[in-house]
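Reviewing the structure listed below.
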Amino acid sequence: MISEEQVRKSLKEVIIPEVERSLTDLNLVRNVAIADGKVNITLAATALSPDVQEYISAGIKAVMKRSKVNNVTIEFAEAKPADLNEIKHVIVVMSGKGGVGKSVVTSLLAIALKRQGNEVGILDADITGSSIPRMFGLKNRPLGSDTGIMPLATQSGISVMSMNLLIPQEESAVIWRAPLLSRAINQFWSDVLWGRLDYLLIDLPPGTADAPLTVLQSIPVTGIVIVSTPQGLVEMIVKKAVNMAQKMEKPILGVVENMSYFYVPELDRRYELFGPSKAGAMAEAARAPVLAQLPIDPELSRLCDDGEIEKYESPTIDTLGQAVAREIEKRGSTK
């Protein structure tokens, strides 16, 4: 007779379309009972429309049949997304200044952590200026029901939720006042079925006002990554974000200096187009290490425009991912 462990292992084969994650990854399996040759499986119905529930039920019966189990009962029970989500680390990517590349850094960090074998998600909290879906080539609308919504999966399996996935066209303007923006961010946290994640990255809009305040006050943040560029004016404004994090007693994991230099391989030379690096000074102000210095790379720009950022290859991606993971591990060991 099949065991509960074998049933749960088989359920990992049932993948939900668009989300591209298994019932187990989404933490939808609530109970498995085996008695008198009969298997009863209880799943959370969270964010599952009737059509998706039918699809899942057919998938479960198919994998059970391959295990020579024909007597299977599948039940769906109500549950809130917040009751199912198990997220180990929440990393906020922020900067007081716009145009420094927070969304690119968020995406590259997600890619790096995914390549390390982690389950990764991105919560795009830049409600009025979303760009992450475009960089990953995401265009479909997310699945969902009145009990919740599911993020879309990128080509490599990164879960993404963004306002640009919900509006009629990606160019449509979201003209909302601050309370609505804060509410949307909170809903992306509590009403989205993230399931089991090792890392959830939150891409914040510029500034130190409502959106960053909402995230830092209402979401259990593991650490913050500060994004800057070499210009002196940017340094001054980004330090406002550093001060905000410190005043709210949120740990800063480190600093990423974006657009740090331009490398010409034919000459084997670096050119500091925006002036000398200020990464060291920024790290000193943040009392945290420099995680990475990212170059200006036309290939990265092209891939972002084409929705193929996951094809980008650079040693700096590995450096960034390893540095962040190392800082989190270091801080966890000192608790």
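The values are calculated or read from the model by the stated rules, or taken from the named source; none is laboratory data. What you see is a predicted model, and the numbers here were worked out from it, not measured in a lab. Note that each Cβ is placed from the backbone with ideal geometry, even for glycine, and that neighbours are counted across all protein chains shown.
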Qualifying residue in segment 96-117 (condition: farther than 21 Å from residue 258 by Cα and in a loop (DSSP other than H, G, I, E, B)): yes
Odd one out for residue 231, checked against (1) surrounded by 21 or more Cβ atoms within 10 Å (Cβ to Cβ); (2) within 28 Å of residue 134 (Cα to Cα); (3) in contact with a Gly (Cβ under 7 Å, 6 or more places away or on another chain): (1)
Pair list, Cβ < 6 Å and 6+ apart or interchain, from segment 316-328 residues that are within 17 Å of residue 260 (Cα to Cα) to residues that are part of a helix (DSSP H, G or I) and among the hydrophobic types (A, V, I, L, M, F, W, C): 317/108; 317/112; 320/109; 320/112
Residue among 156, 130, 182, 172 that is in contact with a strand residue (DSSP E or B) (Cβ under 8 Å, 6 or more places away or on another chain) and small (Gly, Ala, Ser): 130
The listed residue being assigned to a loop (DSSP other than H, G, I, E, B) and crowded, with 19+ Cβ neighbours inside 10 Å, out of 259, 282: 259
Residue check for residue 301: closer than 16 Å to residue 316 by Cα, assigned to a loop (DSSP other than H, G, I, E, B) and not basic (Lys, Arg): no
Yes/no for residue 10 being of a type in the set (S, T, N, Q) and modelled with pLDDT under 95: yes
Any chance residue 110 is small (Gly, Ala, Ser), surrounded by 16 or more Cβ atoms within 10 Å (Cβ to Cβ), within 22 Å of residue 194 (Cβ to Cβ) and in contact with a Pro (Cβ under 8 Å, 6 or more places away or on another chain): no
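Being over 12 Å from the mean Cα position of the chain (by Cα) and without any contact (Cβ under 8 Å) to a residue 60 or more places away in the chain is the requirement here; does residue 224 meet it?
no
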Cβ-Cβ under 6 Å pairs, at least 6 apart or on other chains, segment 108-126 side in the same structural domain as residue 316 (by TED's automatic domain parsing), far side among the hydroxyl-bearing types (Ser, Thr, Tyr): 113/199; 114/156; 118/199; 120/199; 121/159; 124/130; 124/162
Test for residue 62: is it surrounded by 17 or more Cβ atoms within 10 Å (Cβ to Cβ) and either farther than 22 Å from residue 140 by Cβ or under 27 Å from the mean Cα position of the chain (by Cα) (or both): no
Selection within segment 213-230 - part of a helix (DSSP H, G or I) and closer than 20 Å to residue 324 by Cα: 215, 216
For residue 171: the one exception among (1) surrounded by 15 or more Cβ atoms within 10 Å (Cβ to Cβ); (2) closer than 17 Å to residue 304 by Cα: (1)
Subset of segment 192-212 [hydrophobic (A, V, I, L, M, F, W, C), assigned to a loop (DSSP other than H, G, I, E, B) and touching a residue at least 60 places away in the same chain (Cβ under 8 Å)]: 193, 194, 204
Residue satisfying condition, being at pLDDT 95 or above, in the same structural domain as residue 224 (by TED's automatic domain parsing) and small (Gly, Ala, Ser), within set 280, 307, 275: 307
Only listed residue being more than 22 Å from the chain's Cα centre (by Cα), of a type outside the set (S, T, N, Q) and within 18 Å of residue 104 (Cα to Cα), chosen from 244, 236, 259: 259
Spans of helices (runs of 4 or more DSSP H) in segment 1-93 with at least 2 residues without any contact (Cβ under 8 Å) to a residue 40 or more places away in the chain, outside the structural domain of residue 196 (by TED's automatic domain parsing) and of a type outside the set (Gly, Ala, Ser): 4-11, 50-66
